[in-house]
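Trainee: I have a structure I would like to understand better, so I am pasting it below and will then ask my questions one at a time.
We did not get these values from a lab; they are worked out from the coordinates using the rules stated. Just so it is clear, the model here is predicted, and its values are computed rather than measured. Methodologically, a virtual Cβ is constructed for each residue, glycine included, from the backbone with ideal geometry; neighbour enumeration extends over all protein chains shown.
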Amino acid sequence: MTIAVGDKIPEATFFITTQDGPGPLTTSELCDGKTVALFAVPGAFTPTCHAKHVPGFVAHADDLKAKGVDTIACVSVNDVFVMEQWAKASDANGAIVFLADGSADFARAIGMDLDLSAHGLGIRSNRYAMLIKDGTVAALNIEDAPSSADKSSAAELLKAL
């Protein structure tokens with residue numbers, strides 16, 4: 001079952017890069033008491049993700065923050081080391097928290113897992129963007145195809161604020 005507006009974000013653990021190396025970050029730590037713009041991509045460094053999706057959130061980071069977003073986060077079914085390098089290559093400059101969902105546990109928990117095995121990519125995440133307020137989904141924009149990043153763009157998510 002796919003997560004929907006009004007649902008609570010399930011408990012899951014991501015991995016992020018910290019000053020001490022890779023470390024866990026739970027959905028509770030990410031979302032409780034905060035407004036979070038969370039967007040998911042099928043894979044780090046993939047064409048649409050790297051050239052369109054992340055740059056849109058970087059460009060609109062100040063707009064999102066001005067409208068009350070505490071944290072902008074990007075989640076992908078990649079390991080924490082790939083996500084760290086992608087954050088650096090994306091010139092996100094700390095504007096976006098890059099979350100590794102290496103085993104697709106979060107993607108599965110919210111019904112957003114996507115089997116791209118036929119394309120050599122294995123289990124990934126569907127592309128979406130959601131606005132989370134204190135752990136509850138306030139807006140959810142899901143793409144019809146993994147190669148599209150229009151519905152899940154930062155500009156579209158801004159409309160929900």
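Trainee: Go ahead and set up a Gaussian network model of the chain, Cα springs under 10 Å, then flag whichever of SER117, SER125, SER76 fluctuates most.
Mentor: SER117
Trainee: Below 12 angstrom from the Cβ of THR17, what's the summed charge of the other residues (Lys, Arg +1; Asp, Glu -1)? Let's see the in-between values first.
Mentor: Details: positive: LYS88; negative: ASP20, ASP79, GLU84.
Counting the neighbours of THR17, the net charge comes to -2.
Trainee: Follow-up. Could you work out the local net charge near ALA59, counting Lys and Arg as +1, Asp and Glu as -1, over the other residues with Cβ closer than 13 Å to its Cβ? Write down the numbers at each step before the final one.
Mentor: Working: positive: LYS52, LYS65; negative: ASP62, ASP63, ASP91.
Local charge sum for ALA59: -1.
Trainee: Separate question: Reported to two decimal places, what Rg/Rh ratio describes the range 13-158 when computed on Cα atoms with Rh from the Kirkwood expression?
Mentor: With Rg and the Kirkwood Rh in hand, the quotient comes to 0.92.
Trainee: Let me ask another. How far is it, in nm, from the label point at ASP144 to the one at ALA66 when both lie 7 Å from their Cα along the line to the Cβ?
Mentor: In this crude label model, ASP144 to ALA66 measures out at 3.2 nm.
Trainee: Another one. On a full-extension model of 0.36 nm per residue, what is the gain between VAL5 and ASN93, subtracting their alpha-carbon distance, rounded to one decimal in nm?
Mentor: Computed gain between VAL5 and ASN93 is 28.7 nm.
Trainee: Within the range 93-161, report the trypsin sites (Lys or Arg not before Pro) that DSSP leaves as loop and that have at most 13 other Cβ atoms within 10 Å.
Mentor: Values: sites: ARG108, ARG124, ARG127, LYS133, LYS151, LYS159; in loops: ARG127, LYS151, LYS159.
Here the sparse-neighbourhood loop sites are LYS159.
Trainee: Also, quick follow-up: Given the options LEU116, LEU140, LEU99, which has the most mean-square fluctuation in a GNM of the chain, springs set between C-alpha atoms less than 10 angstrom apart?
Mentor: Looking only at LEU116, LEU140, LEU99, the biggest GNM fluctuation is shown by LEU116.
Trainee: Helix-only estimate, please: 222 nm mean residue ellipticity of the chain, summing -39500 (n - 2.57) across DSSP H runs of length 4 or more and dividing by its residues, to the nearest 500. Please list the in-between numbers first.
Mentor: Numbers: 6 runs with 37 residues, N = 161.
Calculated from helices alone, the mean residue ellipticity at 222 nm is -5500 deg cm²/dmol.
Trainee: Now, a different point. Among the trypsin sites (Lys or Arg not before Pro) within the range 7-104, which fall in a DSSP loop and have no more than 10 other Cβ atoms within 10 Å of their own Cβ?
Mentor: On the way: sites: LYS8, LYS34, LYS52, LYS65, LYS67, LYS88; in loops: LYS34, LYS67.
Nothing satisfies the criteria.
Trainee: Moving on to the next point. Given PRO146, LEU99, GLY135, which one lies farthest toward the positive end of the charge dipole of the chain, if we put +1 on the Cβ of every Lys and Arg and -1 on the Cβ of every Asp and Glu?
Mentor: PRO146
Trainee: Here's something else I'd like to know. Counting Lys +1, Arg +1, Asp -1, Glu -1, what net charge surrounds PRO146 among other residues with beta carbon under 13 Å of its beta carbon?
Mentor: On the way: positive: LYS52, ARG124, ARG127, LYS151; negative: ASP113, ASP115, GLU143, ASP144, ASP150.
Value of the local net charge: -1.
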